[in-house]
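Comments concern the structure below.
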Amino acid sequence: MNEQGDDEMKNDTVQIAMLGSGFVAEFYMQGLDNVNHQQVAVNYSRTAARAEKLGHKWAIPEPSTDLEAVIERDDIDLYLIALPNFLHEEVAIMLAAAGKAMVCTKPLARTAQEAKRMLEAVEQAGVFNGYAETEVFSPAVVKAREQIEAGAIGEVLWVRSREAHGGPHADHFWDPDLTGGGALNDMGCHCIEAARYFFGKGNKVKRVMAWGATLSHADRTSAEDNALMIMEFDNGCVAHAELSWSARGGLDLRNEVHGSEGCIFTDVTRSTPITTFSLHGTGYLVEKAEVDTGWTVPLPEEAFVYGYQAEMKHFVECIRTGQNPREDFHDGWVVNLLMEAAYKSMREGVWVSVDY
């Protein structure tokens, strides 16, 4: 699609189908709740109870368990794939074959091969495709990139990112056959795309080194629950990612960007503008929080802070105005490619060159 001005909008209200009715779909609905010119017309789930629960909460007109019927509708402008990893490829290829515009949650696929087939399907069909990577839509991360572009810290030399919590919320995450891996696959995708965003996508990762081990959840998974990943870029500079399913105290999201003339730090889940002490419990605090008594740091407006609102607004506006999204299936494929190199490095204990 080519960029067009607002006066050439082809749709006034973007009609959306939410494919999935669980954890990610809930965050997408929170993000969409603050986006104009859109309506979620139908939400799909593999189980009727989950479809009806999300549909009732968000007043979605039609909860459904019939995926083919949802795809066949002619009144939907955008399909949001908020399904488990093992369903991404099948559903994306079905949508592409039907000529439908789509956005897929992270990671794009379980493997680079799956991601490549998804990318080829949307390219051959010529359909809109977006990659829903929240990290690069997070207001703090976007502001950091704006400062980098303004020359605030000179040349970016080194990026450090951390994504950590105590473990996944759903059973399928613990099965590497269903997800594609462990902590690296689950959260490393965020750190990889943050690094590409900070360095600029024109600066490719040329090789990867990684370590991973199952330190605390051997009773639940054969996948790594902790991982480290180093990416060396074409310019010789590096980014490294720390991933953990063993970190207690709730979700920990941090970035450091070190440049030749300065540095930028983001810390959206621990440096919140509110602290609370409670003997009786506060209720929901933040994703993956384990306790709600004593001193706590509630996170206001998670959907905004994590980037769900900004990414949903971006994709809706792209559909309305005919623009290309700034995150698409090609980006998702690159992320899968880099994670695949990292897993090879874990197994072999060596630097692995990335073959694009």
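Residue by residue through region 290-299, note down the ones that are touching a residue at least 24 places away in the same chain (Cβ under 8 Å) and either among the aromatic types (Phe, Trp, Tyr) or surrounded by fewer than 13 Cβ atoms within 10 Å (Cβ to Cβ) (or both).
Glu290
Filter region 148-171 down to the residues that are at negative phi and among the small types (Gly, Ala, Ser), then identify the one that is surrounded by the most Cβ atoms within 10 Å (Cβ to Cβ).
Restricting to residues being at negative phi and among the small types (Gly, Ala, Ser), the top hit is Ser161.
Starting from region 83-108, take each residue that is more than 16 Å from Glu133 (Cα to Cα) and of a type in the set (Lys, Arg) and list its partners that are part of a helix (DSSP H, G or I) and modelled with pLDDT of 95 or more, counting only C-beta distances under 8 angstrom and pairs at least six apart or across chains.
Going by the 8 Å Cβ cut-off, the qualifying pairs are Lys100/Ile71.
Across region 233-288, what is the total count of residues that are aliphatic (A, V, I, L, M), part of a strand (DSSP E or B) and under 20 Å from Gly167 (Cα atoms)?
Looking only at that region, the number is 3.
For region 273-289: of the residues being aliphatic (A, V, I, L, M) and modelled with pLDDT of 90 or more, which is surrounded by the most Cβ atoms within 10 Å (Cβ to Cβ)? Let's see the steps before the verdict.
Of all residues in region 273-289, those aliphatic (A, V, I, L, M) come to 274, 279, 285-286, 289.
This time we only want the ones that are modelled with pLDDT of 90 or more, so: 274, 279.
Values: Ile274: 9, Leu279: 6.
It comes out as Ile274.
For region 64-90, name all the residues that are in contact with a Phe, Trp or Tyr (Cβ under 8 Å, 6 or more places away or on another chain) and hydroxyl-bearing (Ser, Thr, Tyr).
Ser64, Thr65, listed by residue number.
Of the residues in region 298-356, how many are farther than 25 Å from Met231 by Cα, in contact with a Leu (Cβ under 8 Å, 6 or more places away or on another chain) and among the aliphatic types (A, V, I, L, M)?
Counting residues in region 298-356 that are farther than 25 Å from Met231 by Cα, in contact with a Leu (Cβ under 8 Å, 6 or more places away or on another chain) and among the aliphatic types (A, V, I, L, M) gives 5.
From the set of residues in region 322-356 that are touching a strand residue (DSSP E or B) at 6+ places or on another chain (Cβ under 9 Å) and among the small types (Gly, Ala, Ser), which is farthest from Tyr131 (Cα to Cα)?
Among them, the one singled out is Gly349.
Restrict the check to region 200-210 and report whether at least one residue is out of contact with any Ser or Thr (no Cβ under 9 Å at 6 or more places or on another chain), hydrophobic (A, V, I, L, M, F, W, C) and surrounded by fewer than 24 Cβ atoms within 10 Å (Cβ to Cβ).
First, the residues of region 200-210 that are out of contact with any Ser or Thr (no Cβ under 9 Å at 6 or more places or on another chain): 200-205.
Filter again for hydrophobic (A, V, I, L, M, F, W, C), leaving 205.
Filter once more, so that each one left must be surrounded by fewer than 24 Cβ atoms within 10 Å (Cβ to Cβ): 205.
Yes.
Condition test on Val127, is it outside the structural domain of Asp171 (by TED's automatic domain parsing), closer than 18 Å to Thr179 by Cβ, outside any strand (DSSP E or B) and at pLDDT 95 or above?
Criteria not met by Val127.
The values are calculated or read from the model by the stated rules, or taken from the named source; none is laboratory data. Quantities reported herein were computed from a predicted structural model and do not represent experimental measurements. Cβ: placed from backbone, ideal geometry, glycine included. Neighbour counts: every protein chain shown.
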